[in-house]
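In what follows, a single structure is set out as structure tokens and then discussed.
The values are calculated or read from the model by the stated rules, or taken from the named source; none is laboratory data. Given the structure is predicted, the values throughout are model-derived calculations rather than measurements. Backbone-built Cβ (ideal geometry, glycine too); neighbour counts: all protein chains shown.
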Amino acid sequence: MRSGLRVFAWAGPVLLLAISGLVAGRVVALRPPGVVGHDPGIATGLLAVIAKRPAFSFGFRNVLSDVVWLEAVQVVGNPKMTPEEYDRLFDLLNVASDFDPKFEIPYLLGGLILGESLPHAGKALQVLEGGKRQHPADWRFPFYMGFTHYFSLGDAVAGGGAMAEAARLPGSPAYLTGLASRMLSEAREPEAAMALLEPIVRQESDPARQAVLERRIREVAVERDLQALERAVERYREKTGTAPTVLSDLVREGILAAVPVEPNGGKYLLLQGGKVRSDRVSQRLRVFQNR
């Protein structure tokens, strides 16, 4: 009898872990019949239920958090994430933090990736706020909250305030105080944003987060180039009285020294009406548009 209990004592948790690993991908993908779009079913999924009940994890909370985080990594591996995938990522991040509230990587990387989707910027702030509660002395959480406020939502006041909060925490980079003041004082212009982004990318040592930040730099660079090209098109019209037919006309007329190189490896295209677009970026950054 005791032998059987001893076997169960170690076999039970191992079996649970194995089952959890096998069904993790399935659990987070299940949806009730008739539900379209975002899947709320994860709230009643196996891993989510276990995450809310510590006794059910049999001491494997950290390992189960890793299982959920690996599923989240699979979601963010898609370079063209859909709104449903951003929603799914948010749910997975919540389950991972329920299992292991001190696990900092999901907060930081997950928050940054959610912030790339404007409709999910609020959820990005929720994730980062959760990390801040668990790690109140870590300057990175208010730092990336400031980043999200400024670069995703275009809120320089909230962004500068969060950066200033990060600057007051021990171990924060010396340049954060100046970064906060620039956010609060400068207009929402791509050139100013590039100047803010460059030190942020340089200080980031994690390759995954650095890749997200570098992607944002390319997006801002595209917006900077598009605005410059559209201004050049207007100068061409004023100078010649006609509209250019291709962007190289701007160079031939001496208005531009060269057409900028699209940072994603694509091309800039001149549209009817004088607008310019990138063939690699489908939408322009609304943060820098006139309101």
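Observations on the structure shown:
- Any hit, the stretch 267-284, residues being surrounded by 14 or more Cβ atoms within 10 Å (Cβ to Cβ), among the β-branched types (Val, Ile, Thr), in contact (Cβ under 8 Å) with a residue 12 or more places away in the chain and in a helix (DSSP H, G or I): no
- Residue within the stretch 94-112 that is surrounded by 16 or more Cβ atoms within 10 Å (Cβ to Cβ), among the hydroxyl-bearing types (Ser, Thr, Tyr), in a helix (DSSP H, G or I) and under 13 Å from the mean Cα position of the chain (by Cα) present: yes
- Positions within the stretch 239-250 being touching a residue at least 12 places away in the same chain (Cβ under 8 Å) and outside any loop (DSSP other than H, G, I, E, B), in sequence order: Lys239, Thr240, Asp249, Leu250
- Among the residues listed as Ala174, Ala208, the single one being without any contact (Cβ under 8 Å) to a residue 12 or more places away in the chain and either surrounded by 14 or more Cβ atoms within 10 Å (Cβ to Cβ) or not in a helix (DSSP H, G or I) (or both): Ala174
- Applying the criterion of being surrounded by 11 or more Cβ atoms within 10 Å (Cβ to Cβ) and not basic (Lys, Arg) to the residues of the stretch 232-246, the residue that is farthest from Ala193 (Cα to Cα) is Thr240.
- Here Gly154 fits the description: more than 20 Å from Gly131 (Cβ to Cβ) and outside any helix (DSSP H, G or I).
- Every residue from the stretch 154-168 that is among the aliphatic types (A, V, I, L, M) and closer than 14 Å to Ala192 by Cα: Ala156
- Of the residues Ser282, Ser248, the single one that is out of contact with any helix residue (DSSP H, G or I) (no Cβ under 9 Å at 6 or more places or on another chain), modelled with pLDDT under 95 and of a type outside the set (Val, Ile, Thr) is Ser282.
- In the stretch 140-165, of all residues being at pLDDT 95 or above and of a type in the set (A, V, I, L, M, F, W, C), the one that is farthest from Ile105 (Cα to Cα) corresponds to Met145.
- Any hit, the stretch 247-258, residues being in contact with a strand residue (DSSP E or B) (Cβ under 9 Å, 6 or more places away or on another chain) and exposed (fewer than 14 other Cβ atoms within 10 Å of the Cβ): no
- Hits in the stretch 133-166 - residues which are free of Cβ contacts under 8 Å to residues at least 24 places away in the same chain and not hydrophobic (A, V, I, L, M, F, W, C): Arg133, Pro136, Asp155, Gly161, Glu165
- Residues of the stretch 186-217 satisfying the condition of being closer than 20 Å to Ala156 by Cα and charged (D, E, K, R): Glu186, Arg188, Glu189, Glu191, Glu198, Arg216
- Residue check, Glu253 over 22 Å from Asn78 (Cα atoms) and in contact (Cβ under 8 Å) with a residue 40 or more places away in the chain: no
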